[in-house]
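The values are calculated or read from the model by the stated rules, or taken from the named source; none is laboratory data. No experiment lies behind these values; they were computed from the predicted model shown. With ideal geometry, Cβ positions are generated from the backbone for all residues, glycine too; neighbour counts draw on all protein chains shown.
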Amino acid sequence: MKHTLIALMEDKPGVLNRVSSLFYRRNYNIESLSVGHSEIPGISRMTIVLEGEDRIVEQVVKQLSKLINVTHVLDVSDKPTVVRELALIKVKAASRTRSEIAELVRIFRARIVDVGATSLTIEITGPEDRVNSLVGLLRPFGIEEMARTGRVVMVRSGENDDGNNGKVYSSQTAMPQSVPLMAQEVPM
Amino acid sequence: MKLTGAQVVWESLVREGVETVFGVPGGAVLPLYHALAEYPLHHVLVRHEQAAAHAADGYARATGKVGVCIATSGPGATNLVTGLATAYMDSSPVVAFTGQVPSPVIGTDAFQEVHITGITLPITKHNYLVTHAQELPTVIKEAFYIARTGRPGPVLIDISKDAQIAEIEYAYPDEVHLPGYRLPASDFSPQIQAAARMLNEAQRPVIIAGHGVILSGTEDRLVELAEKGHIPVVVTLLGIGAMPDEHPLCLGMGGMHGQGHANMALSEADLILSLGSRFDDRFTGPPSTFAPRARIIHVDVDPAEIGKNVPADLAVVGDLKDVLPALTPLVEARDRSAWLSCIREWREESAQLDILAQETDDLIPQYVVRQIWHATQGNAIMVSDVGQNQMWEAQYFVHRRRRGLISSGGLGTMGFALPAAIGAQIGCRGERVWVIAGDGGFQMNIQELATVVQEQVPLKIAILNNGYLGMVRQWQEFFFERRYSGSRLSGPDFAQVARAYGIPGLTIREKSEVVPAIAQAMASDGPMLLDFHIVPEENVYPMVAPGSAIHNMIRHPGTVRGGKEE
Ligand SMILES: Cc1ncc(C[n+]2csc(CCOP(=O)(O)OP(=O)(O)O)c2C)c(N)n1
Ligand SMILES: [Mg+2]
């Protein structure tokens with residue numbers, strides 16, 4: 001099953017390396033990884049997408065949680081989420097194909113952000129499969145360059161979300177509410 | 001108080017209660033060494049930085065305190081690597097200091113620059129690169145805290161030379177602020193109740209006692225629990241000493257070279273309570289074949305160990321210091337005499353008893369280890385190396401003393417024993433410390449005999465000299481058509497080498513010389529080396545072939561079946 005993890009970590013030199021080398025060292029296969037600032041000063045937020053058995057993903061979560069600079073790790077796979085990815089796609093555009101491309105851009109609610117003599121640069125933001133479809137449709141025109149951010153995720157604010165607006169951790173305490181996700185629960 | 005970065009380091013170490021540091025100086029730590037003389041710290045100069053790390057590790061394992069080592073940048077730092085990995089695999093609390101080139105030239109491939117924080121990333125619990133002296137007090141405070149709390153482990157602090165020289169106004173923090181470092185809760189009553197219920201219902205329970213019992217200092221609590229519930233205990237290699245081997249409920253070591261009855265008990269158990277062990281593959285065999293009839297309760301301070309190798313039916317994440325006092329009162333005294341007598345019957349088939357009972361004039365290693373045990377009455381800190389010698393020590397020495405065995409379990413580092421024993425002896429000056437090593441491993445850190453002399457460490461060193469990389473040869477004999485490729489080994493005359501270093505040395509070739517030689521070593525106040533020329537092709541029995549379930553043991557010579565190579 002595909003899992004989406006959110007990890008918050010101190011924004012210090014080397015921390016990204018600690019996280020990424022952990023995946024390599026423990027032989028976990030990461031599908032996408034994106035990182036940027038969070039709402040907490042000094043704390044970066046990483047979204048990790050990986051395919052794997054639940055047991056392996058549980059290990060990933062626990063091993064990540066063990067890193068001293070990682071403050072929170074959450075598996076949000078079974079939570080309602082907003083998932084977005086941004087892509088910049090530079091596609092070949094001859095005068096006869098321009099309008100066809102522009103039409104696709106309109107249908108996908110993407111934008112043309114740069115126009116060159118022989119190419120167009122398109123920006124699309126959306127769920128990953130929408131980005132994939134547009135990429136698929138643009139491919140025949142000739143994609144010259146592409147940059148994708150990988151997924152970023154936020155848990156939706158639901159009706160019965162304990163008044164936390166879907167926020168899965170609390171920044172005041174900087175303490176996780178659902179980490180470690182270990183098998184502390186009692187079977188039987 | 002104004003201090004240089006170098007003074008900050010030593011001042012902070014003194015405040016952490018450190019008394020001894022093991023190391024080798026060099027260009028990038030000259031400021032540190034210069035300031036060292038001003039502080040009440042004993043510096044032990046080793047002959048190779050690997051030994052500094054092993055000595056710090058041995059010191060930590062023998063005393064329960066944090067061991068400290070220091071090395072210069074570049075080659076000094078890389079020489080620490082094996083020692084840090086050894087400490088990491090065995091959860092030993094060590095703090096290592098390395099010098100780094102001045103911060104303006106970091107990243108330029110300066111003379112003796114290596115990226116040691118990058119190199120040691122996967123083999124330390126945490127590490128730091130410090131380029132500003134102001135960061136040092138906090139970093140050192142955190143490093144000691146991280147090294148000794150939770151699941152202990154090594155922490156490395158790399159300090160640029162300019163940060164050692166810079167002056168700061170010194171204040172040592174009282175507390176650490178580590179938002180990403182959480183220790184497990186100490187309240188887990190639902191889990192404890194469930195664990196007690198499962199134990200009380202079990203007909204054939206077994207406790208596995210791992211290194212965690214020793215690291216948490218809960219040896220007495222373990223005995224209390226076992227005695228109350230009449231529950232037999234199997235120890236792991238690093239769990240040896242968690243319970244006295246002679247205790248009627250102690251079944252001894254399990255695993256690849258464990259006792260037959262211990263492995264049978266694990267295989268037939270209906271419940272396993274694992275206390276601070278990580279289900280290492282050398283202990284469990286293939287996980288799918290391990291304890292097929294048992295439900296498993298896994299107690300560990302590190303949540304990541306739960307379910308990593310063997311799935312747990314119940315997990316208790318916590319420090320045994322909290323878990324055992326909560327659990328034992330809920331455990332009922334049950335009559336388990338049927339189970340215990342069943343185990344007793346298995347015990348009578350023990351390969352070890354056969355081997356000891358065998359009448360031979362040959363100088364066999366099992367006899368040597370037994371005689372050392374007799375001479376010490378088990379009151380010694382044994383430090384074993386890696387290979388057959390390690391297994392014979394584990395099998396034939398009857399461990400009684402707490403923290404009575406120090407060995408490299410997880411990494412299996414040849415060359416560990418001598419430097420680790422130096423650390424152990426310096427940490428426990430009044431104790432008897434014995435090294436048991438093979439002729440191969442001993443040559444991997446033989447230079448530390450000089451440290452033994454310089455520091456006047458009264459180690460008793462027994463080399464079980466078989467002229468082979470014996471454990472390798474045994475595998476080749478069993479599983480690789482007896483082709484002894486690369487495992488025939490020549491060595492020096494170890495007794496003469498010892499004498500050259502200034503240590504009395506004896507060569508023992510006859511069985512009849514064993515007891516007098518050991519007595520002579522015991523009687524001397526200083527160090528002594530005994531080179532036992534044992535039967536060259538003696539094997540370790542029993543043995544579980546790699547890939548086999550642990551109840552499938554090769555018990556005796558002549559029963560070798562082809563095993564599967566992993
Ligand atoms: C540093 C290191 N290199 C290689 C090995 C692989 N190895 C495991 S046991 C062994 C043989 C050890 O020989 P010796 O020290 O003579 O001990 P014996 O088995 O003969 O008692 C070897 C080479 C190891 N464990 N550690
Ligand atoms: Mg040997």
Just to be sure before I move on: is B:Ile461 within 16 Å of ligand 2 (Cβ to nearest atom), on the phi < 0 side of the Ramachandran plot and more than 14 Å from chain A (Cβ to nearest Cβ) in the structure I sent?
yes
For the range B:76-86, state whether one or more residues are within 22 Å of B:Val14 (Cα to Cα) and touching a residue at least 60 places away in the same chain (Cβ under 8 Å).
no
Go over the candidates B:Ala143, B:Ala77, B:Ala110, B:Ala85 one by one and state the one that is among the small types (Gly, Ala, Ser), surrounded by fewer than 20 Cβ atoms within 10 Å (Cβ to Cβ) and assigned by TED's automatic domain parsing to the domain that holds B:Leu13.
B:Ala110
Could you list, in sequence order, all residues of the range B:1-25 that are among the acidic types (Asp, Glu) and part of a strand (DSSP E or B)?
none
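The rows are residues; the columns are (1) within 16 Å of ligand 2 (Cβ to nearest atom); (2) in contact (Cβ under 8 Å) with a residue 24 or more places away in the chain.
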position: B:Val323; (1), (2): no, yes
position: B:Pro329; (1), (2): no, no
position: B:Asp335; (1), (2): no, yes
position: B:Trp339; (1), (2): no, yes
position: B:Glu348; (1), (2): no, no
position: B:Thr376; (1), (2): no, yes
position: B:Met391; (1), (2): yes, yes
When you scan the range A:44-60, how many residues do you find that are within 20 Å of A:Asp11 (Cα to Cα), free of Cβ contacts under 8 Å to residues at least 60 places away in the same chain and either more than 14 Å from chain B (Cβ to nearest Cβ) or among the β-branched types (Val, Ile, Thr) (or both)?
1
Kindly indicate whether any position in the range B:106-126 is more than 27 Å from the chain's Cα centre (by Cα) and of a type in the set (Asp, Glu).
yes
Say whether the condition of being away from ligand 1 (no atom under 12 Å from the Cβ) and among the aromatic types (Phe, Trp, Tyr) is met by at least one residue in the range B:498-513.
yes
If you check every pair at least six apart or on different chains, which have Cβ atoms under 6 Å apart with a residue in the range B:464-481 that is away from chain A (no Cβ under 14 Å) first and a residue that is within 9 Å of ligand 2 (Cβ to nearest atom) and of a type in the set (D, E, K, R) second?
B:Asn465/B:Asp439
Go through the range B:261-275 and count every residue that is surrounded by fewer than 24 Cβ atoms within 10 Å (Cβ to Cβ) and either part of a helix (DSSP H, G or I) or within 17 Å of the chain's Cα centre (by Cα) (or both).
4
Say we look at the range B:293-348 and pick out the residues that are touching a Gly at 6+ places or on another chain (Cβ under 8 Å), closer than 20 Å to B:Gly153 by Cα and part of a helix (DSSP H, G or I); which of these is nearest to the other protein chains (Cβ to nearest Cβ)?
B:Leu320
Go through (1) away from ligand 1 (no atom under 16 Å from the Cβ); (2) part of a helix (DSSP H, G or I) one by one and return the number of the condition B:Gly526 breaks.
(2)
(1) within 16 Å of ligand 2 (Cβ to nearest atom); (2) surrounded by 21 or more Cβ atoms within 10 Å (Cβ to Cβ): which one isn't true of B:Asp493, the others all being true?
(2)
Show the residue pairs that are 6+ apart or on different chains and have beta-carbon atoms under 6 Å apart, the first residue being within the range B:428-444 and more than 6 Å from ligand 1 (Cβ to nearest atom), the second being among the acidic types (Asp, Glu) and assigned to a loop (DSSP other than H, G, I, E, B).
B:Ala437/B:Asp385
